[in-house]
Ligand SMILES: Cc1ncc(C[n+]2csc(CCOP(=O)(O)OP(=O)(O)O)c2C)c(N)n1
């Protein structure tokens, strides 16, 4: 059918196929469907035009898909956007944000008023350029960087299966739907995500691919000739190709997808900018307003006579009815939750709220620290982390671990942890495979889903492979914990490709990310506690491969790492001439340098700096007290200097790396690159002489 034919085919009444269908909003007639879809198109055209920026093409092209999904399949209730058993809808193609905003408005999310739609892309509106989680009720994740949403959705689908295995399908039984564009599927992260989803047989994950054959530069033929259906099939998905403007075909495909024992791809052939007479089907409607003339002509073509931002009452009512159809389902769910065994219900609610079992955590940390006070350990901080995890994962069942194929090196799997697999979703350890980016995005999805605190592992140098997802976790304020081991040249023989140099600085540059680099076993458990308690942002635990002496002796009831930096060893005479600052594996070097200086009658103190972000967040007076007033400040860290000036001042001396590492046993490397107690002491002496 041509486009006008489709629009005129108003009399086709669809068969009832939806398994989750609305009270009073069953399958619409073709005419009704078209009107409802056109409401999305009109709002998208008008909002983009008013903002003079944005993307009308995707919302107009995907309006039919969205209408079928939201009116007949998606389980949601605008009256309770955070209802735990709602289906998740992820607009991975975040540039098409007006699609989501139009849907939220039309289905009756209270906060998404027509005024917010009119303020599309304006400061402080609920309709920012790309959907932002935590800003707009109904937005499940922040999208915009293409491919991330697909990765998040895999994590959401894993979380759903895991929690269903624990709490039962009466309480946890929902689907995750994604709308993905060509760009989403061209991004490399999508391969990691779909391969993992296929392997784990996440059959409640359904990707609707807006297969419009257009991206910014023009027809996809310029850049891509992948057969997406075969690509997904080979990753273990069911995959079909349909006409994305045919509501019956969309409904039938969704119906089939819901019955599949594998995740599903529905490649929906669509016309970008559907309805725009001269720009539809071209990149011209991708990223700029259509213009007044084109909009007027589109209104005529779509048979849409309502003025800008106005939705005819009858159409609005149908959309509102679609928005209300989830309420009985939600109320029934609430009844089932109320009928649950009281302990189980309390646990479900605790986990959903993201509240830690504070007492159990406090006891676990204290017990571990007592043990270390009684019997100090000289082990790598990655091994210390494993020790910590043995206790912590026992106390916190919401912790789901993992590793990107470096389990034995990252020490993230405890003895008790079973693998999470397609055969057993109750497992608590995920073998992510060599898929760091997919892993980090899936962790974001798990945290966003709720009920889970995801942590996982890779080498610190591969934080670069996770960075876009870590950045989004920080932006969304998600508690996601990255264990990143082999955190310096201290990893030795693997050489410069594996030795992080600029990574600590690069990670510290991400706002709202805690980079925690403990110096010994005691700091490691304290840093773990801080990461777990950080319920408004992600953390990276940078851990050593090499053994480190235990520097904290005795038992501290409090968490000394909580202030980000603290005096580990004071000056013998109380008034230090030199302050030595260090993090992680270099704290022991600072301690040795202090002894060398003492031998020359120079009093020095050692300040351990496990976390810049926590330190820099302290009030100025507290920071000043920790930094102290020594004549000379010296910092030592086996990375680049960048960032340290905020602590030691630009006049301070820095001992660290200025270029890439090398392949050799690590002790030789420390000598070669001059990261030794002698160099640190010399740096202090040189500064003192000037
Ligand atoms: C990682 C990333 N790279 C680049 C962009 C810029 N960008 C926004 S949309 C887009 C491609 C648009 O093509 P497609 O995904 O097919 O969307 P459609 O044109 O169908 O709306 C690009 C490159 C982005 N948002 N994210």
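Could you sort the peptides 151-158, 101-108, 39-46 by per-residue average Cβ neighbour count (10 Å cutoff), highest mean leading? The partial results should precede the final answer.
On the way: 151-158: 31.8, 101-108: 25.9, 39-46: 27.8.
Packing order, densest peptide first, comes out as 151-158, 39-46, 101-108.
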Review point. Over all Cα pairs of the range 477-601, how is the pair count split among 5 Å bins, expressed in % and running from 0 up to the last occupied bin?
Key: 2, 9, 19, 20, 20, 15, 10, 4, 1, 0
Check your understanding: Modelled label-to-label distance, residue 536 and residue 416, 7 Å Cα→beta-carbon offset: nm?
Key -> 3.2
Practice item. Determine the relative contact order of the range 87-222: mean sequence separation of Cα pairs under 8 Å and six or more apart, normalised by residue count, in whole percent. Key: 27
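Taking the radius of gyration and the Kirkwood hydrodynamic radius from Cα positions alone, what is the Rg/Rh ratio for the range 228-348, to two decimal places?
Values: Rg = 21.2 Å, Rh = 18.8 Å.
Taking Rh as the inverse mean 1/r over Cα pairs, Rg/Rh reads 1.13.
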Revision key, fill the gap. Check: C-alpha center the range 187-212 vs C-alpha center the range 117-144, spacing in Å is 25
Check your understanding: Which whole-percent values make up P(r) of the range 213-299 when all C-alpha to C-alpha distances are grouped in 10 Å steps starting at zero?
Key -> 16, 35, 31, 16, 2
**Study point:** 0 to 90° range, to nearest 10: angle between helix 381-395 axis and the chain longest Cα axis
**Key:** 60
Review point. Relative contact order, percent, of the range 604-690 when contacts are C-alpha pairs under 8 Å separated by at least 6 residues?
Key: 26
Point to revise | Principal axis dimensions, largest first and in whole angstrom, of the range 160-259 by Cα | key: 48, 32, 22
Point to revise | Residues residue 227 and residue 320, FRET efficiency given R0 of 35 Å [Cβ-Cβ distance, rounded to 0.05] | key: 0.30
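For the chain, what's the relative contact order in percent, using C-alpha pairs closer than 8 Å and at least 6 residues apart? Before the final figure, lay out the partial values.
On the way: 1538 pairs, mean separation 80.3, N = 690.
With pairs under 8 Å counted, the relative contact order is 12 percent.
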**Study point:** Cα centroid separation - the range 301-378 against the range 621-682, whole Å
**Key:** 45
Check your understanding: Binning every alpha carbon pair distance of the chain at 20 Å from zero, what are the percents per bin?
Key -> 18, 44, 27, 9, 1
Exercise for review: Specify the inter-centroid distance of the range 516-542 and the range 272-288, based on alpha-carbon positions, in whole Å.
Suggested key: 49
Revision key, fill the gap. The ratio Rg/Rh over the Cα atoms of the range 382-440, Rh being the Kirkwood inverse mean 1/r radius, stands at 0.95
Revision key, fill the gap. Highest mean packing first, using Cβ neighbours within 10 angstrom, the peptides 77-88, 193-204 sort as 193-204, 77-88
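Could you give the length gained on full extension between residue 371 and residue 80, defined as 0.36 nm per residue of separation minus the Cα-Cα distance, in nm? Numbers along the way, then the final one.
On the way: separation 291, 0.36 × 291 = 104.76 nm, distance 4.63 nm.
Result for the pair: 100.1 nm of gain on full extension.
Rounded, prolate or oblate: pick one for the range 199-248, where a ≥ b ≥ c are the square roots of the eigenvalues of its C-alpha gyration tensor, a/c under 1.5 means rounded, and failing that, prolate if a/b is larger than b/c, else oblate. Intermediate results must be reported in sequence, preceding the final value.
Values: a/c = 2.50, a/b = 1.44, b/c = 1.73.
Note, shape of the range 199-248 comes out oblate.
Just the number, please: percent antiparallel of the DSSP beta bridges in the chain, rounded to the nearest 5. Mind showing how you got there, number by number?
Working: 10 of 63 bridges.
Rounded to the nearest five, the antiparallel share is 15 percent.
Rounded if a/c is under 1.5, else prolate if a/b beats b/c, else oblate: with a ≥ b ≥ c from the C-alpha gyration tensor eigenvalues square-rooted, which is the range 288-429?
Numbers: a/c = 3.58, a/b = 2.20, b/c = 1.63.
Prolate.
Taking every pair of alpha-carbon atoms in the range 31-172, give the share separated by more than 24 Å as a whole percent.
On the way: 2918 of 10011 pairs.
Percent of Cα pairs beyond 24 Å in the range 31-172: 29.
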**Study point:** Shape of the range 418-519, Cα gyration tensor, a/c cut at 1.5
**Key:** oblate
Check your understanding: Nearest 10 degrees, 0 to 90: what angle lies between the long axis of helix 292-302 and the longest principal axis of the chain (Cα atoms)?
Key -> 60
Point to revise | In degrees, nearest ten, helix 521-533 long axis to first principal axis of the chain (Cα) | key: 30
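Bear in mind these aren't lab numbers, they're just calculated from the coordinates by the rules spelled out. Fair warning: this is a prediction, and the values are worked out from it, not measured in the lab. Using ideal geometry, Cβ is built from the backbone for each residue, glycine included, and neighbour counts are taken over all protein chains shown.
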